[in-house]
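Peer 1: Provided herewith is a single structure, encoded as C-alpha coordinates, for subsequent inquiry.
The values are calculated or read from the model by the stated rules, or taken from the named source; none is laboratory data. None of the values given here were measured: they were computed from a predicted structure. Every residue, glycine among them, receives a Cβ derived from its backbone with ideal geometry; neighbour counts consider all protein chains shown. These accessible areas exclude ligands, DNA and RNA; they are computed on the full protein's heavy atoms, side chains included. Shrake-Rupley method; radii C 1.70, N 1.55, O 1.52, S 1.80 Å.
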Amino acid sequence: MKIPLGIHVGERLSLEQTYWQAELADTNGFESVWVAEGRLARDGIVPAAIIASRTRNVKIGTGVVNNKSRNAALMAVTFKTLDEVAPGRAILGIGAWWEPLATKVGQPLRKPVASMREYITVLQRFFSNEVVTFDGEFVTMNDVRFDSMYRENKPVDIPIYIGAVGPRMLELAGEISDGVHMDFLLPPSYLTGAREAIDRGVAKRTDGRTGIDLTQIVACSVNDDDPQEAIDACKAFLTLYLAQQPHIAEHCGVERELVDRIQEVAGWPATPADIKRAMPLVPNHLVQNVTACGSTDDAFEKLLSYHEAGVRCPIISTLGDKERTLTRLAQAAKD
(Lines give C-alpha, C1' and ligand atoms only; values in the text may rest on other atoms or scores of the structure.)
Protein backbone atom coordinates (compact mmCIF):
# COMPACT_ATOMS: atom_id res chain seq x y z
CA MET A 1 0.00 0.00 0.00
CA LYS A 2 1.09 3.60 -0.64
CA ILE A 3 0.52 4.39 3.05
CA PRO A 4 -0.44 2.20 6.02
CA LEU A 5 -4.22 2.01 6.41
CA GLY A 6 -6.60 0.57 8.97
CA ILE A 7 -10.35 0.04 9.14
CA HIS A 8 -12.74 1.23 11.84
CA VAL A 9 -15.84 -0.89 12.40
CA GLY A 10 -18.76 0.03 14.62
CA GLU A 11 -22.47 -0.19 15.16
CA ARG A 12 -23.29 1.61 11.91
CA LEU A 13 -22.28 -1.67 10.26
CA SER A 14 -24.21 -4.88 10.61
CA LEU A 15 -22.21 -7.72 12.13
CA GLU A 16 -22.08 -9.31 8.68
CA GLN A 17 -20.60 -6.11 7.24
CA THR A 18 -18.20 -5.89 10.20
CA TYR A 19 -16.74 -9.33 9.58
CA TRP A 20 -16.62 -8.78 5.81
CA GLN A 21 -14.63 -5.58 6.25
CA ALA A 22 -12.28 -7.22 8.73
CA GLU A 23 -11.64 -10.15 6.42
CA LEU A 24 -11.08 -7.80 3.47
CA ALA A 25 -8.55 -5.91 5.59
CA ASP A 26 -6.82 -9.14 6.52
CA THR A 27 -6.36 -10.27 2.91
CA ASN A 28 -5.65 -6.89 1.28
CA GLY A 29 -2.69 -5.57 3.20
CA PHE A 30 -4.44 -3.35 5.73
CA GLU A 31 -2.52 -2.96 8.96
CA SER A 32 -5.31 -3.00 11.52
CA VAL A 33 -9.00 -3.26 12.34
CA TRP A 34 -10.35 -1.08 15.17
CA VAL A 35 -13.66 -1.98 16.83
CA ALA A 36 -15.70 0.94 18.13
CA GLU A 37 -17.70 1.09 21.33
CA GLY A 38 -19.59 4.33 21.83
CA ARG A 39 -23.34 4.59 21.95
CA LEU A 40 -25.27 1.98 23.91
CA ALA A 41 -25.70 -0.08 20.77
CA ARG A 42 -22.99 -2.75 20.69
CA ASP A 43 -20.15 -3.91 22.89
CA GLY A 44 -16.65 -3.66 21.44
CA ILE A 45 -14.98 -6.69 23.02
CA VAL A 46 -17.19 -9.44 21.60
CA PRO A 47 -16.79 -8.41 17.92
CA ALA A 48 -13.06 -7.87 18.48
CA ALA A 49 -12.71 -11.45 19.73
CA ILE A 50 -14.68 -12.83 16.79
CA ILE A 51 -12.59 -10.79 14.33
CA ALA A 52 -9.44 -12.08 16.04
CA SER A 53 -10.58 -15.67 15.50
CA ARG A 54 -11.49 -15.07 11.83
CA THR A 55 -8.30 -13.27 10.73
CA ARG A 56 -4.62 -14.13 10.63
CA ASN A 57 -2.64 -10.98 9.83
CA VAL A 58 -4.26 -7.71 10.88
CA LYS A 59 -3.90 -6.20 14.30
CA ILE A 60 -7.15 -5.86 16.27
CA GLY A 61 -7.66 -2.75 18.36
CA THR A 62 -10.51 -1.27 20.33
CA GLY A 63 -11.29 2.16 19.03
CA VAL A 64 -12.06 2.92 21.86
CA VAL A 65 -13.37 1.35 25.06
CA ASN A 66 -13.68 3.58 28.12
CA ASN A 67 -11.89 3.53 31.46
CA LYS A 68 -15.00 3.75 33.64
CA SER A 69 -17.30 0.83 32.84
CA ARG A 70 -14.76 -2.00 33.33
CA ASN A 71 -12.59 -2.55 36.36
CA ALA A 72 -8.92 -2.19 35.43
CA ALA A 73 -8.10 -5.77 36.48
CA LEU A 74 -10.93 -7.12 34.34
CA MET A 75 -9.80 -4.98 31.42
CA ALA A 76 -6.28 -6.36 31.78
CA VAL A 77 -7.39 -9.98 31.81
CA THR A 78 -9.77 -9.33 28.90
CA PHE A 79 -6.88 -8.22 26.71
CA LYS A 80 -4.68 -11.03 28.01
CA THR A 81 -7.41 -13.34 26.72
CA LEU A 82 -7.61 -11.53 23.39
CA ASP A 83 -3.86 -12.01 23.05
CA GLU A 84 -4.42 -15.75 23.48
CA VAL A 85 -6.87 -15.69 20.57
CA ALA A 86 -4.62 -13.54 18.34
CA PRO A 87 -1.07 -13.60 19.72
CA GLY A 88 0.77 -10.33 19.22
CA ARG A 89 -2.13 -8.68 17.40
CA ALA A 90 -4.23 -7.10 20.17
CA ILE A 91 -4.17 -3.35 20.83
CA LEU A 92 -5.99 -1.72 23.74
CA GLY A 93 -7.47 1.57 22.55
CA ILE A 94 -8.93 3.38 25.55
CA GLY A 95 -10.49 6.77 26.17
CA ALA A 96 -12.52 8.75 28.64
CA TRP A 97 -16.25 8.20 28.30
CA TRP A 98 -18.06 11.02 26.60
CA GLU A 99 -20.77 13.35 27.83
CA PRO A 100 -23.67 13.46 28.19
CA LEU A 101 -23.74 9.64 28.05
CA ALA A 102 -21.37 9.20 31.00
CA THR A 103 -23.61 11.26 33.26
CA LYS A 104 -26.76 9.62 31.94
CA VAL A 105 -25.50 6.20 33.09
CA GLY A 106 -24.28 7.44 36.46
CA GLN A 107 -20.56 7.74 35.63
CA PRO A 108 -20.00 11.48 35.12
CA LEU A 109 -16.58 12.57 33.92
CA ARG A 110 -14.36 13.86 36.70
CA LYS A 111 -10.65 14.57 36.34
CA PRO A 112 -10.42 12.52 33.14
CA VAL A 113 -6.65 12.95 32.77
CA ALA A 114 -5.88 11.95 36.36
CA SER A 115 -8.19 8.95 36.20
CA MET A 116 -6.67 7.83 32.90
CA ARG A 117 -3.16 8.03 34.34
CA GLU A 118 -4.12 5.78 37.24
CA TYR A 119 -5.98 3.30 35.07
CA ILE A 120 -3.19 2.90 32.53
CA THR A 121 -0.53 2.66 35.23
CA VAL A 122 -2.40 -0.31 36.71
CA LEU A 123 -2.97 -1.92 33.31
CA GLN A 124 0.73 -1.72 32.48
CA ARG A 125 1.63 -3.39 35.77
CA PHE A 126 -0.79 -6.21 35.07
CA PHE A 127 0.56 -6.65 31.55
CA SER A 128 4.08 -6.83 33.03
CA ASN A 129 2.85 -9.73 35.19
CA GLU A 130 3.46 -7.82 38.42
CA VAL A 131 1.67 -8.21 41.71
CA VAL A 132 -0.34 -4.99 41.76
CA THR A 133 -1.09 -2.86 44.79
CA PHE A 134 -2.34 0.62 44.00
CA ASP A 135 -4.20 3.12 46.15
CA GLY A 136 -5.37 5.91 43.89
CA GLU A 137 -8.22 8.36 43.80
CA PHE A 138 -9.94 6.39 41.03
CA VAL A 139 -8.32 2.95 40.99
CA THR A 140 -7.61 0.68 43.94
CA MET A 141 -5.88 -2.71 43.79
CA ASN A 142 -4.69 -4.81 46.70
CA ASP A 143 -2.11 -7.53 46.04
CA VAL A 144 -3.57 -8.92 42.80
CA ARG A 145 -2.08 -10.31 39.60
CA PHE A 146 -2.84 -12.64 36.71
CA ASP A 147 -3.53 -15.89 38.51
CA SER A 148 -4.03 -18.80 36.13
CA MET A 149 -3.86 -22.13 37.97
CA TYR A 150 -3.30 -24.26 34.88
CA ARG A 151 -0.61 -22.48 32.88
CA GLU A 152 2.30 -20.21 33.58
CA ASN A 153 1.49 -16.57 34.18
CA LYS A 154 3.59 -14.50 31.79
CA PRO A 155 3.85 -10.84 30.74
CA VAL A 156 1.77 -9.91 27.70
CA ASP A 157 2.73 -7.31 25.12
CA ILE A 158 -0.44 -5.25 24.73
CA PRO A 159 0.17 -1.76 23.27
CA ILE A 160 -2.05 0.89 24.85
CA TYR A 161 -3.34 3.72 22.66
CA ILE A 162 -5.21 6.60 24.26
CA GLY A 163 -8.21 7.99 22.43
CA ALA A 164 -7.16 11.58 23.03
CA VAL A 165 -8.35 14.89 21.57
CA GLY A 166 -7.62 17.65 24.06
CA PRO A 167 -4.06 18.88 24.76
CA ARG A 168 -3.80 17.57 28.33
CA MET A 169 -4.86 14.04 27.36
CA LEU A 170 -2.58 14.14 24.31
CA GLU A 171 0.32 15.14 26.55
CA LEU A 172 -0.49 12.28 28.93
CA ALA A 173 -0.51 9.89 25.97
CA GLY A 174 2.94 11.07 24.96
CA GLU A 175 4.17 10.51 28.50
CA ILE A 176 2.82 7.04 29.32
CA SER A 177 1.21 5.28 26.34
CA ASP A 178 2.28 3.52 23.16
CA GLY A 179 0.16 5.61 20.82
CA VAL A 180 -2.70 8.01 20.23
CA HIS A 181 -5.85 6.88 18.46
CA MET A 182 -7.43 10.16 17.40
CA ASP A 183 -11.13 10.62 16.85
CA PHE A 184 -13.18 11.43 13.77
CA LEU A 185 -13.83 14.87 12.42
CA LEU A 186 -10.55 16.59 13.20
CA PRO A 187 -8.96 18.38 10.22
CA PRO A 188 -5.33 17.71 9.23
CA SER A 189 -4.48 21.19 10.51
CA TYR A 190 -5.39 20.03 14.03
CA LEU A 191 -2.38 17.72 13.97
CA THR A 192 0.10 20.59 14.40
CA GLY A 193 -1.01 21.42 17.93
CA ALA A 194 -1.76 17.78 18.72
CA ARG A 195 1.75 16.67 17.86
CA GLU A 196 3.21 19.50 19.95
CA ALA A 197 1.18 18.30 22.95
CA ILE A 198 2.25 14.70 22.38
CA ASP A 199 5.89 15.77 22.16
CA ARG A 200 5.61 17.62 25.49
CA GLY A 201 4.54 14.34 27.02
CA VAL A 202 7.26 12.33 25.30
CA ALA A 203 9.83 14.69 26.80
CA LYS A 204 8.70 13.54 30.28
CA ARG A 205 9.15 9.83 29.60
CA THR A 206 11.51 7.84 31.79
CA ASP A 207 11.71 4.72 29.60
CA GLY A 208 13.98 6.15 26.90
CA ARG A 209 11.35 6.22 24.14
CA THR A 210 11.56 9.21 21.85
CA GLY A 211 8.14 8.99 20.25
CA ILE A 212 4.80 7.17 20.11
CA ASP A 213 2.52 6.06 17.30
CA LEU A 214 -0.31 8.16 15.88
CA THR A 215 -3.42 6.80 14.20
CA GLN A 216 -6.63 8.66 13.36
CA ILE A 217 -10.11 7.58 12.37
CA VAL A 218 -11.25 9.30 9.17
CA ALA A 219 -14.88 9.17 8.07
CA CYS A 220 -14.92 8.25 4.37
CA SER A 221 -17.54 8.03 1.63
CA VAL A 222 -16.95 7.54 -2.09
CA ASN A 223 -19.24 7.91 -5.10
CA ASP A 224 -17.57 8.62 -8.44
CA ASP A 225 -20.92 8.97 -10.21
CA ASP A 226 -22.45 11.36 -7.67
CA PRO A 227 -19.81 12.90 -5.36
CA GLN A 228 -22.44 15.00 -3.58
CA GLU A 229 -24.17 11.84 -2.40
CA ALA A 230 -20.92 10.79 -0.76
CA ILE A 231 -20.49 14.24 0.78
CA ASP A 232 -24.04 14.03 2.16
CA ALA A 233 -23.27 10.70 3.82
CA CYS A 234 -20.43 12.36 5.72
CA LYS A 235 -22.54 15.46 6.34
CA ALA A 236 -25.16 13.36 8.13
CA PHE A 237 -22.45 11.87 10.32
CA LEU A 238 -20.91 15.25 11.17
CA THR A 239 -24.35 16.63 11.99
CA LEU A 240 -24.99 13.72 14.36
CA TYR A 241 -21.66 14.23 16.13
CA LEU A 242 -22.23 17.96 16.55
CA ALA A 243 -25.67 17.26 17.99
CA GLN A 244 -24.64 14.54 20.43
CA GLN A 245 -20.91 15.01 21.10
CA PRO A 246 -20.63 18.80 20.80
CA HIS A 247 -17.18 18.84 22.43
CA ILE A 248 -15.83 17.92 18.99
CA ALA A 249 -16.94 21.29 17.61
CA GLU A 250 -14.15 23.33 19.17
CA HIS A 251 -11.57 21.00 17.65
CA CYS A 252 -12.96 20.93 14.11
CA GLY A 253 -13.57 24.64 13.65
CA VAL A 254 -17.33 24.76 14.19
CA GLU A 255 -18.85 27.82 15.84
CA ARG A 256 -20.91 27.24 18.97
CA GLU A 257 -23.82 29.07 17.34
CA LEU A 258 -24.05 26.36 14.67
CA VAL A 259 -23.98 23.62 17.32
CA ASP A 260 -26.82 25.33 19.19
CA ARG A 261 -28.90 25.55 16.01
CA ILE A 262 -28.31 21.88 15.24
CA GLN A 263 -29.26 20.88 18.79
CA GLU A 264 -32.48 22.87 18.52
CA VAL A 265 -33.47 20.65 15.61
CA ALA A 266 -32.00 17.31 16.73
CA GLY A 267 -32.86 16.13 20.23
CA TRP A 268 -31.40 13.37 22.39
CA PRO A 269 -31.05 10.73 21.25
CA ALA A 270 -31.28 12.14 17.74
CA THR A 271 -33.28 10.13 15.23
CA PRO A 272 -32.36 9.78 11.54
CA ALA A 273 -35.24 12.15 10.75
CA ASP A 274 -33.82 14.72 13.21
CA ILE A 275 -30.42 14.55 11.55
CA LYS A 276 -31.90 14.88 8.07
CA ARG A 277 -33.71 18.07 9.13
CA ALA A 278 -30.54 19.53 10.63
CA MET A 279 -28.17 18.65 7.77
CA PRO A 280 -28.92 21.74 5.63
CA LEU A 281 -27.35 23.83 8.39
CA VAL A 282 -23.92 22.26 7.68
CA PRO A 283 -22.04 23.54 4.59
CA ASN A 284 -20.11 21.24 2.23
CA HIS A 285 -16.76 22.92 2.89
CA LEU A 286 -17.00 22.12 6.60
CA VAL A 287 -17.72 18.46 5.82
CA GLN A 288 -14.83 18.19 3.36
CA ASN A 289 -12.47 19.79 5.87
CA VAL A 290 -12.90 16.98 8.40
CA THR A 291 -13.78 13.90 6.31
CA ALA A 292 -12.58 12.13 3.15
CA CYS A 293 -15.51 12.21 0.77
CA GLY A 294 -16.60 12.75 -2.83
CA SER A 295 -14.84 10.92 -5.66
CA THR A 296 -12.32 8.15 -5.00
CA ASP A 297 -9.48 10.50 -5.91
CA ASP A 298 -10.82 13.23 -3.62
CA ALA A 299 -11.17 10.85 -0.69
CA PHE A 300 -7.77 9.21 -1.12
CA GLU A 301 -6.05 12.58 -1.45
CA LYS A 302 -7.61 13.55 1.85
CA LEU A 303 -6.25 10.39 3.48
CA LEU A 304 -2.83 11.31 2.13
CA SER A 305 -3.17 14.78 3.63
CA TYR A 306 -3.73 13.24 7.09
CA HIS A 307 -0.67 11.03 6.62
CA GLU A 308 1.44 13.99 5.52
CA ALA A 309 0.26 15.96 8.57
CA GLY A 310 1.65 13.27 10.88
CA VAL A 311 -0.91 10.48 11.10
CA ARG A 312 1.18 7.38 10.45
CA CYS A 313 -1.86 5.19 9.79
CA PRO A 314 -5.23 6.72 8.82
CA ILE A 315 -8.14 4.48 9.87
CA ILE A 316 -10.99 4.34 7.34
CA SER A 317 -14.55 4.47 8.68
CA THR A 318 -16.98 3.85 5.84
CA LEU A 319 -20.18 5.82 5.36
CA GLY A 320 -22.74 5.83 2.56
CA ASP A 321 -22.18 2.83 0.29
CA LYS A 322 -19.75 1.10 2.63
CA GLU A 323 -18.69 -1.75 0.34
CA ARG A 324 -17.99 0.60 -2.57
CA THR A 325 -16.12 3.06 -0.36
CA LEU A 326 -13.84 0.45 1.14
CA THR A 327 -13.09 -1.50 -2.04
CA ARG A 328 -12.32 1.65 -4.06
CA LEU A 329 -10.09 3.15 -1.38
CA ALA A 330 -8.31 -0.19 -0.98
CA GLN A 331 -7.65 -0.23 -4.72
CA ALA A 332 -6.51 3.39 -4.73
CA ALA A 333 -4.01 2.57 -1.98
CA LYS A 334 -2.52 -0.20 -4.12
CA ASP A 335 -2.42 1.64 -7.47
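Peer 1: Inspect the range 156-166 for any residue being part of a loop (DSSP other than H, G, I, E, B), modelled with pLDDT under 95 and open to solvent by less than 10 Å² (accessible area, probe 1.4 Å) and give the result as yes or no.
Peer 2: yes
Peer 1: Would you call Thr239 buried (at least 18 other Cβ atoms within 10 Å of the Cβ) and either charged (D, E, K, R) or not in a helix (DSSP H, G or I) (or both)?
Peer 2: No; evaluated as a whole, the condition is false for this residue.
Peer 1: Here are some conditions: (1) open to solvent by 60 Å² or more (accessible area, probe 1.4 Å); (2) in contact (Cβ under 8 Å) with a residue 12 or more places away in the chain. Val265 meets all but one. Which one does it not meet?
Peer 2: Every condition holds for Val265 apart from (1).
Peer 1: I want to confirm something. Restricting to the range 1-16 and keeping residues that are out of contact with any helix residue (DSSP H, G or I) (no Cβ under 6 Å at 6 or more places or on another chain) and either open to solvent by less than 40 Å² (accessible area, probe 1.4 Å) or not in a loop (DSSP other than H, G, I, E, B) (or both), which single residue is farthest from Asp183 (Cα to Cα)? Before the answer, list the steps.
Peer 2: Looking only at the range 1-16, we keep the residues that are out of contact with any helix residue (DSSP H, G or I) (no Cβ under 6 Å at 6 or more places or on another chain), and these are 4, 6, 8, 10-16.
From the residues that got through so far, the ones that are either open to solvent by less than 40 Å² (accessible area, probe 1.4 Å) or not in a loop (DSSP other than H, G, I, E, B) (or both) too are 6, 8, 10, 13, 15-16.
Details: Gly6: 14, His8: 11, Gly10: 13, Leu13: 18, Leu15: 22, Glu16: 24 Å.
It comes out as Glu16.
Peer 1: Loosely packed, with under 14 Cβ neighbours inside 10 Å and either free of Cβ contacts under 8 Å to residues at least 60 places away in the same chain or of a type outside the set (A, V, I, L, M, F, W, C) (or both): does that describe Glu84? Working first, answer last.
Peer 2: Values: loosely packed, with under 14 Cβ neighbours inside 10 Å: yes; either free of Cβ contacts under 8 Å to residues at least 60 places away in the same chain or of a type outside the set (A, V, I, L, M, F, W, C) (or both): yes.
Yes, satisfied.
Peer 1: In addition: Output the number of residues of the range 284-299 satisfying the condition of being part of a helix (DSSP H, G or I) and either over 20 Å from Thr327 (Cα atoms) or open to solvent by less than 10 Å² (accessible area, probe 1.4 Å) (or both).
Peer 2: 8
Peer 1: Before we move on, is Glu99 open to solvent by 10 Å² or more (accessible area, probe 1.4 Å) and over 25 Å from Ser305 (Cα atoms)?
Peer 2: Yes.
Residue-by-condition table, conditions (1) under 30 Å from Thr291 (Cα atoms); (2) in contact with a helix residue (DSSP H, G or I) (Cβ under 6 Å, 6 or more places away or on another chain); (3) open to solvent by less than 80 Å² (accessible area, probe 1.4 Å); (4) touching a residue at least 60 places away in the same chain (Cβ under 8 Å):
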residue: Val139; (1), (2), (3), (4): no, yes, yes, yes
residue: Tyr150; (1), (2), (3), (4): no, no, no, no
residue: Met169; (1), (2), (3), (4): yes, yes, yes, yes
residue: Arg200; (1), (2), (3), (4): yes, yes, no, no
residue: Arg209; (1), (2), (3), (4): no, no, no, no
